[in-house]
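To keep things clear, I will list the structure first and then write my remarks on it.
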Amino acid sequence: MEKLELAEIKGELKKQITALQKFDLLIIDELGYLPMNRQARHNLFQLVNALYEYRSVIITTNKGFTAWGEFFADDNVAVPIVDRLIHHSHIFMLGGESYRLKHKRES
């Protein structure tokens with residue numbers, strides 16, 4: 001997200017998205033962990049829209065889809081992003097104890 005934001009500031013968002021489209025797989029880790037401003041949400045939509053039906057995307061998050069409106073701060077942005085992400089997706093809902101916490105206790 002930071003790369004997209006910097007590219008947008010430089011007026012190179014389309015160029016950055018085009019560069020990311022060259023990868024067969026894009027992994028976005030911990031989506032929703034940090035708050036996103038309006039421009040970051042717009043940039044994410046642009047990226048997801050560009051990748052939609054052409055490239056694979058893996059997203060990790062500790063937020064359920066119903067909570068995406070909260071961290072996007074706008075259901076009008078969350079809904080089209082979720083729609084594109086889940087259209088051809090395989091969703092894995094994982095739960096359980098934190099791997100890091102478990103590892104710390106074993107040390």
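Each reported figure results from applying straightforward, stated rules to the coordinates on display, with no laboratory input. Just so it is clear, the model here is predicted, and its values are computed rather than measured. Virtual Cβ from ideal backbone geometry, glycine too; neighbours counted across all protein chains shown.
Ordering F45, G11, G64 by the projection of their Cα atoms onto the charge dipole of the chain, which places +1 on the Cβ of Lys and Arg and -1 on the Cβ of Asp and Glu, puts G11 at the extreme positive end. Taking GluC sites (Glu not before Pro) across segment 51-97, the ones in a DSSP loop with at most 11 further Cβ atoms lying within 10 angstrom of their Cβ are E53, E97. A crude spin-label estimate for the pair I9 and S56, with each label 7 Å from Cα along the Cβ direction, gives 3.4 nm. Across the chain, Cα pairs under 8 Å and at least six residues apart give a relative contact order of 26 percent. Spread over its residues, the convex hull of the C-alpha atoms of segment 60-107 is 86 Å³ per residue.
Taking every lysine pair in the chain that is 8 or more places apart or spans two chains, those with Cα atoms closer than 18 Å amount to 4.
In the calculated pair-distance distribution of segment 22-64, the portion above 17 angstrom amounts to 36 percent of the Cα-Cα pairs.
Computed over the alpha-carbon atoms, segment 1-51 gives an Rg to Rh ratio of 0.94, Rh here being the Kirkwood radius from the mean inverse distance. Net charge of the neighbourhood of D29, taken over other residues with C-beta under 15 Å away and scored Lys/Arg +1, Asp/Glu -1, is +1.
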